[in-house]
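Taking it in order: structure first as structure tokens, then the write-up.
The values are calculated or read from the model by the stated rules, or taken from the named source; none is laboratory data. Keep in mind the model is a prediction, meaning the values are calculated, not measured. Positions of Cβ are generated from backbone atoms using ideal geometry, with glycine treated the same way; all protein chains shown enter the neighbour counts. When the accessible area is computed, the model is the full protein with side chains, heavy atoms only, and any ligands, DNA or RNA have been set aside. Shrake-Rupley method; radii C 1.70, N 1.55, O 1.52, S 1.80 Å.
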Amino acid sequence: MPDRRIAAFLEPGRSLDEGVERVRLAESLGYESVWVSHIAAREPLQLLNHYAHHTERIRFGTGVVPIFLRHPALMAQEAATLDEASGGRFSLGIGTSHKITVEGWYGYTLDDPVGRMREYTTVLRQIFTSGSSNVDGKHSTAHFGFMGYQARPDLKIYWAAMGPKMLEAAAELADGVVLWMCSPTHIRTTIRPTLEKALADHGRSFDGFDIVAAIPSGLTEDTDGGREMFRRAAMMYWQLPFYRKEVGAAHPEALAAYDEGKPIPDEVVDAFAAVGSAEVVRAKIEDYRDAGVTLPLVGPLPVAEGPDETLRAAAPSF
């Protein structure tokens with residue numbers, strides 16, 4: 001697997017046309033793929049379908065689609081159709097999301113996250129590889145078969161995973177993990193070793209398994225302003241239990257200070273984010289690689305210089 005792969009985490013913002021142009025820029029700069037999230041804006045599978053019809057080579061991934069919003073058979077249909085429409089350029093990232101959204105926004109109950117992901121992925125994998133599913137689980141029931149149609153059997157499934165139990169299950173069932181708000185320190189000391197052991201336990205290796213990590217990035221002369229952009233982004237996530245646990249494991253003093261209303265220290269911001277000159281941006285990407293990330297995702301912060309300049313600074317062709 002090439003070790004110089006790089007991707008981009010891009011949201012279209014207010015203008016879909018502007019988003020298309022940014023994806024085209026990423027394609028022209030040699031980025032392997034573009035990934036999008038699923039929060040409360042555009043639906044990601046339709047968005048990526050639109051991007052696919054305006055590009056030629058660049059791949060796409062979801063980081064990630066919540067499993068509670070679609071039956072796994074429907075997710076398999078949608079993912080396979082998008083993959084076909086894009087010419088085999090799609091990878092499906094899925095996750096449980098968070099209690100505040102699952103229960104507060106949608107009225108579902110977030111329980112047994114690992115068990116739910118196991119059953120959901122089993123249905124997806126059966127449909128992708130054999131065309132039909134036969135699952136009677138605790139959380140998922142699926143007796144579904146394609147009629148006159150077949151998905152790409154090796155369509156990749158990525159998990160949002162940070163905790164040890166989810167990582168261990170991902171090493172067994174998924175093609176990779178998608179990380180957010182995980183510093184190189186945490187990846188190096190906890191996430192990568194956990195995955196290495198779990199993969200070995202299941203007779204697997206990192207050949208064909210990805211650690212995908214989004215890196216908050218901003219090419220800017222205003223380093224202090226760029227750091228503040230990261231702090232604003234972190235505010236929402238450092239309040240969520242899944243992220244709090246992981247941030248606290250690697251940076252306990254910073255999380256304690258944050259809980260006291262103090263700003264995240266510059267050195268902790270710099271541990272997570274690539275903010276500053278082109279050399280600083282590229283060096284932080286290498287820091288993530290050295291920690292064990294196989295596919296870094298450049299996630300432009302809203303600095304004054306704009307996301308296009310950040311993409312150029314981090315591009316493999318520069």
Legend entry - Segment A257-S277, length gained on full extension (0.36 nm per residue, minus Cα span): 4.4 nm
Legend entry - Per-peptide average of other Cβ atoms within 10 Å, ordering 94-104, 234-244 highest first: 94-104, 234-244
Legend entry - Radius, Kirkwood style, for the chain when every pair of distinct Cα atoms is counted (Å): 20.0
Legend entry - Accessible area in square angstrom per residue, the chain, 1.4 angstrom probe: 44
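Roughly speaking, to the nearest percent, how much of region 174-274's 1.4 Å accessible area is carbon and sulfur? Could you put the intermediate results ahead of the total?
On the way: 2320 of 4440 Å².
Within region 174-274, the accessible surface is 52 percent carbon and sulfur.
Carbon and sulfur together cover what percent of the accessible area of region 1-146 at a 1.4 Å probe radius? Please report the intermediate quantities before stating the final value.
Numbers: 3210 of 6500 Å².
Carbon and sulfur together cover 49 percent of it.
Lysine pairs in region 55-198 with Cα distance under 23 Å, only those 8 or more apart or on different chains: how many are there?
Details: K99/K138; K99/K165; K138/K165; K156/K165; K156/K197; K165/K197.
Number of lysine pairs found: 6.
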